Amino acid sequence: MIFTFNFFLFPIFLFIGIYEFKDKKKHVILFVLAFLSFLLIQGIFNEYRFGDFFDFGFGTQQQGADLLKNIECLYAYLISPGKSIFVYFPLSILFPVSWILFYKKDKNLALMFIGITVITYFYIGTSNIWDSAGGMWGPHRYLLPIIPLIIITLGTLFQKFQSKRFKIIFILLAIAGFVVNLFGKLVWYRFLWNFIWHQENVAKTNIDTTWNLHDSIVFQAFRVIQTGYVENLTGQAHFFSIGLTGCTYDLFIYCSNKLIFSLLLSIAIILGLYITYLIFFKKCQNSIDLNNSKS
């Protein structure tokens with residue numbers, strides 16, 4: 001199965017592909033035939049499994065976008081404390097600048113990237129499922145495919161900006177994103193939601209994980225760790241026996257053998273710092289020494 005909104009991306013791939021092969025008519029014909037064959041196979045699969053050529057098996061989730069009804073998400077995914085992409089992926093704040101630089105290097109690829117990003121953002125954001133991921137980590141899992149596209153364009157920034165100040169800013173944004181998402185890794189989502197609904201005494205119908213900072217997933221995950229909530233859990237529900245009940249962090253190695261985990265973590269930190277030094281600072285120092293020797 002493929003998700004319905006992927007069909008809105010097909011024209012982008014089709015036009016870019018035809019443009020890339022414009023001087024080779026045989027390649028254009030083969031590309032279009034392969035493209036149409038894929039659509040035909042998917043339609044036959046839909047007909048066989050769901051009884052409708054255009055039914056992709058996602059039920060109400062394939063009803064499409066409703067811009068007027070769900071316009072809230074267009075700014076919620078940007079500025080809300082609970083679902084902003086900048087909270088979970090701070091480096092994305094550099095995307096407008098990096099995309100412009102990327103466009104100057106490869107217009108076709110840049111246009112494809114921005115097309116995929118915009119269509120995905122608008123379709124998922126204005127569909128009936130934009131806020132259905134309240135129990136998930138981040139804005140919405142269907143936005144994940146645009147993250148690699150953003151990361152690819154970020155590489156152009158290092159060609160344009162060579163100063164140590166920029167590199168420090170870049171590292172700080174990366175660290176901020178790592179710390180925020182670390183909470184999502186350390187706390188199992190079932191424990192997290194049990195904490196939100198019961199321990200925090202907010203068992204109400206108006207829990208707002210989007211706009212209320214206190215109810216936001218990141219803040220509540222921090223509270224789970226801060227209060228040591230998981231350490232005191234008992235078999236109150238079946239899923240408690242599935243998770244690492246009684247262990248503060250949702251890490252199997254840590255819960256099994258803290259000494260081995262500490263050694264592995266120390267090695268990872270040392271290697272990370274050393275690699276960061278080699279990539280960002282030693283290269284910069286070598287450039288300074290080279291300039292000094294020339295002068």
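The values are calculated or read from the model by the stated rules, or taken from the named source; none is laboratory data. All values reported here derive from a predicted model rather than from experimental measurement. For neighbour counting, all protein chains shown are included, and Cβ atoms are generated from backbone atoms with ideal geometry for every residue, glycine included.
Structure above, values below:
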| item | result |
| --- | --- |
| Residue list for the range 91-115, filter: within 21 Å of Leu172 (Cα to Cα) and loosely packed, with under 15 Cβ neighbours inside 10 Å | Ile93, Pro96 |
| The range 20-50 - residue that is surrounded by 14 or more Cβ atoms within 10 Å (Cβ to Cβ) and among the aromatic types (Phe, Trp, Tyr) and, of those, nearest to Ile119 (Cα to Cα) | Phe35 |
| Residue ID - surrounded by the most Cβ atoms within 10 Å (Cβ to Cβ), chosen from residues in the range 211-245 that are among the β-branched types (Val, Ile, Thr) and at pLDDT 80 or above | Ile217 |
| Scope the range 81-90; condition buried (at least 20 other Cβ atoms within 10 Å of the Cβ) and among the hydrophobic types (A, V, I, L, M, F, W, C); matching residues | Ile85, Val87, Phe89 |
| Criterion: crowded, with 16+ Cβ neighbours inside 10 Å, modelled with pLDDT under 85 and of a type outside the set (Ser, Thr, Tyr) - qualifying residue of Gly17, Gly64 | Gly17 |
| Entirely in the range 76-158, the helices (runs of 4 or more DSSP H) that have 2 or more residues that are under 24 Å from Val187 (Cα atoms) and either out of contact with any helix residue (DSSP H, G or I) (no Cβ under 9 Å at 6 or more places or on another chain) or at pLDDT 85 or above (or both) | 85-88 |
| Of all residues making up the range 156-173, the number that are under 22 Å from the mean Cα position of the chain (by Cα) and of a type in the set (S, T, N, Q) | 1 |
| Top-ranked residue in the range 138-154 [being surrounded by fewer than 19 Cβ atoms within 10 Å (Cβ to Cβ) and without any contact (Cβ under 8 Å) to a residue 40 or more places away in the chain; ranked as nearest to Gln220 (Cα to Cα)] | Arg141 |
